[in-house]
1. How high is the relative contact order of the chain? Use alpha-carbon pairs under 8 Å, at least six apart in sequence, and give a whole percent.
2. Taking 22 Å as R0, compute the FRET efficiency from the Cβ-Cβ separation of GLU118 and LYS184 and round it to 0.05.
3. So what's the back-of-envelope 222 nm ellipticity for the chain, counting only DSSP H runs of four-plus at -39500 (n - 2.57) apiece and dividing by all residues, rounded to 500?
4. Non-local amide H neighbours of HIS186 (under 5 Å, H modeled in plane, Pro and chain starts lacking H): which ones?
5. Measure out, as a whole number of angstrom, how far apart the alpha-carbon centroids of the stretch 131-155 and the stretch 1-25 sit.
6. In Å², and per residue, what accessible area does the stretch 17-150 have when probed at 1.4 Å with the other protein chains present?
7. Across 20 Å bins from 0, what is the distribution of all Cα-Cα pair distances for the chain, in whole percents?
8. Diagonalise the Cα gyration tensor of the stretch 206-375 and give the resulting equivalent ellipsoid semi-axes, square root of 5 times each eigenvalue, largest first, whole Å.
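The values are calculated or read from the model by the stated rules, or taken from the named source; none is laboratory data. Here the structure is a predicted model, which means the values were calculated and not measured. In this analysis, Cβ positions are derived from the backbone assuming ideal geometry, glycine residues included, and neighbour counts consider all displayed protein chains. The protein model used for the area step is the full one, side chains on, heavy atoms only, and it has no ligands, DNA or RNA in it. Shrake-Rupley method; radii C 1.70, N 1.55, O 1.52, S 1.80 Å.
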Amino acid sequence: MVTADQLLVKQINKSIVLNTIRKKEVISRAGIAEFTGLNKSTVSFLVDELIKEGLVKEIGPGESKGGRKPIMLTINDKGGCVIGVDLGVNYILTVLTDLVGNELWEKKVDIKLGEDKEKVIDLLMQSIEEAIENAPRTVKGITGIGIGVPGIVDYRKGTVLMAPNLKWKDVPLKEMVEEKFKIKVHIDNEANVGAVGEKWFGVGIECSNFVYVSAGIGIGTGIIVNGELYRGASGLAGEIGHATINIYDELCNCGNTGCWENYASERALLDYMQAQLKQGKQDKYINSQNISDLNALRIIDFAHKGSSIAIEGLREIGKNLGVGIINLINTFNPEMVIIGNTLSLAEDIILPEILDEVSKKCFVYKYHKVKIRTSKLKFHAGAMGAVSLVISKLFAHPEF
Ligand SMILES: [Zn+2]
């Protein structure tokens, strides 16, 4: 009889084999045995299973080190598809990828700030439906749907406990999407999702300890410790956007005073612009005529075209991002801080300000020069992160 322990060992070994093939991209059975320390017959047995399941494929003979040429293996890009959804505060970005994260299709839908919950959920369902319609035929079909949400999430149940910028409370989103599509759904906070995405596909691949700062309408962080997402006691870690940086300030929506995100987010940038215009500052790009149409993307675009007010605003936001990042570096001593979401698109303006602030004031930085980077995935960090939620589960727990 096969015991539960033996099954668990088999699953762990299978995950090791699968991940070795993914990381090496192309490798032989003997190569896997050599790299993992597993014996050759175990590797052969597990590889055969993975081939039967459609996750791995043979791609012909490789170079011989003497003797017969080995058959090389790779992840089967036609093995299955994954859907990743970045549910933003004012957009929904949906991507469809193969099992190694190559993008096959994407769609972005804008949503009105403050739009009804039902309408947003409708748009989300429509986007997923379109992704499914656009999926090519694969062995396993759609293997899962990942969704990143801008709020506090019970990731085990898949319930959005509180998304202040969407004004959602206790929404059983996983259940709703699974009910409709009969496909496994994984939901997490968008900053956690962004961090996992950077670990799998972005600048964090080689990094075991980093903090991902999602600088969008608000600020959230995803913390990777020893290669794993740090969730805290009940999955709510990372709400550093609501850490106080000014004790004399007004109340924030969260109940705290002078929160970081009120000084260093897209919303803070818009507030700054409004204040500048009130003081009579304007230029040919930003003035009282177009202030109501302004958003962070347009401000960044104007800055790149030479708008002095836009550049000044982004510098101010960059400096304020630096203030919070100092707290992160002093707390976590990370190898890297990765800045993602909308404000990362102004990296040429904000990064020098952040670095200036950090190098002048950060205690830990004096002893450990942490790398500060912007997300390689840029605007796709959330959606690709949502994809990695699915892929990481699939690769960690292959069928056994
Ligand atoms: Zn707050």
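1. Relative contact order comes out at 16 percent.
2. 0.35
3. -13000 deg cm²/dmol
4. Placed amide hydrogens put ILE145, GLY146, ILE147 under 5 Å from HIS186.
5. Cα centres, the stretch 131-155 to the stretch 1-25: 24 Å.
6. 49
7. 26, 52, 20, 2, 0
8. Semi-axes (√(5λ), whole Å): 29, 18, 14.
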